[in-house]
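> Once you've had a glance at the structure underneath, I'll fire off some questions.
The values are calculated or read from the model by the stated rules, or taken from the named source; none is laboratory data. On a predicted model such as this, the values are computed, not experimentally measured, just so you know. Note: ideal-geometry Cβ built from the backbone for every residue, glycine included; neighbour counts use all protein chains shown. What goes into the accessible areas is simple: the full protein's heavy atoms, side chains included, and nothing from ligands, DNA or RNA. Shrake-Rupley method; radii C 1.70, N 1.55, O 1.52, S 1.80 Å.
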Amino acid sequence: MNKSSKKSGNEDRDRGGDRTRAAGKIADRRVQDRRVQDRRVQDRRVQKSRKLLSDALVSLILEKGYDEVSIQDIIDRANVGRSTFYSHYENKEQLLLFGHEHLRALSLRDAGRPFDFLPFYRHLAEMHELVRKLLSAEKSERVLTRSLEDILQGSICRLYAPRMAPEEGALFMLRCEAAAAALVRLMTSWVHKGMPCSPERMAEESTALLQRVLADERAAASGRTRSE
């Protein structure tokens, strides 16, 4: 076989190898695209199931109160299986908390950004009947207020902790806990008294309350900065 024949054969093999690799890449992309599409379909199914369960819980609370609602009531109203419920939530408390994203509205979006209480108060005003029902039953009030306090305490800590000296950590945590409890008490009192003030006014009052409770911490941090 002469050199030109060998060269031609090598080129044919190279081209064949290139076509094989290209076909392989196309197949891989198709598999990846299918997986992405499958995930999107699955995500939509999850969102749909969670919305069905959440809407069912809300309607049942409005009808007979949170404490009287059972998981069987929820799945019957949502028209889903028991396995569907437990694939998303362990109990109805989790559904109440994590099935309603407005309860996370008090979490900071970015570290260092101030609180914005107004969207939360507006949501309370829009859902006043549901909120009133939740706060009128002992168990649901306990679940709701404890969760709000945890959310607020965590957000306050993230916002102010970078300014604190390490040796003041214990006192700082106590202040965060006190601030969260005071804010939740202000919110729940507003609901219990029939929301006599506007959401805008309550947002301003909540911001002022937070500033008062943590004023000593900010002043102490500012004093340390100047002394340094």
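> Do the conditions hold for A125, that is, is it at pLDDT 85 or above, open to solvent by less than 40 Å² (accessible area, probe 1.4 Å), touching an Asp or Glu at 6+ places or on another chain (Cβ under 6 Å) and hydrophobic (A, V, I, L, M, F, W, C)?
No.
> Continuing with the same structure: Looking only at the stretch 47-61, which residues are farther than 17 Å from L135 by Cβ, open to solvent by less than 30 Å² (accessible area, probe 1.4 Å) and in contact (Cβ under 8 Å) with a residue 24 or more places away in the chain?
The answer is S49, L53, S54.
> How many residues are part of a helix (DSSP H, G or I), touching a residue at least 60 places away in the same chain (Cβ under 8 Å) and surrounded by fewer than 18 Cβ atoms within 10 Å (Cβ to Cβ) when one looks only at the stretch 62-90?
Of the residues in the stretch 62-90, 2 are part of a helix (DSSP H, G or I), touching a residue at least 60 places away in the same chain (Cβ under 8 Å) and surrounded by fewer than 18 Cβ atoms within 10 Å (Cβ to Cβ).
> Which of the following residues is modelled with pLDDT under 90, hydroxyl-bearing (S, T, Y), under 20 Å from the mean Cα position of the chain (by Cα) and exposed (fewer than 13 other Cβ atoms within 10 Å of the Cβ): S5, S107?
Result of the check over S5, S107: S107.
> Right, another one. Using the structure shown, decide if M173 is in contact (Cβ under 8 Å) with a residue 12 or more places away in the chain and open to solvent by less than 70 Å² (accessible area, probe 1.4 Å).
When the stated conditions are applied, M173 does not pass them.
> Follow-up question, since we're still on this one. I'd like the residue in the stretch 178-213 that is closer than 16 Å to Y160 by Cα and polar (S, T, N, Q) and, out of all such residues, is surrounded by the most Cβ atoms within 10 Å (Cβ to Cβ).
The selected residue is T207.
> Need a quick list: helices (runs of 4 or more DSSP H) entirely within the stretch 117-196 having at least 3 residues that are hydroxyl-bearing (S, T, Y).
Once the helices (runs of 4 or more DSSP H) in the stretch 117-196 are filtered for at least 3 residues that are hydroxyl-bearing (S, T, Y), what remains is 138-160.
> Which residue pairs have Cβ atoms under 6 Å apart, sit 6 or more places apart or on different chains, and have a first residue in the stretch 138-162 that is free of Cβ contacts under 8 Å to residues at least 40 places away in the same chain and a second that is of a type in the set (V, I, T) and assigned to a helix (DSSP H, G or I)?
Pairs that qualify, where the first residue is free of Cβ contacts under 8 Å to residues at least 40 places away in the same chain and the partner is of a type in the set (V, I, T) and assigned to a helix (DSSP H, G or I), are E149/V184.
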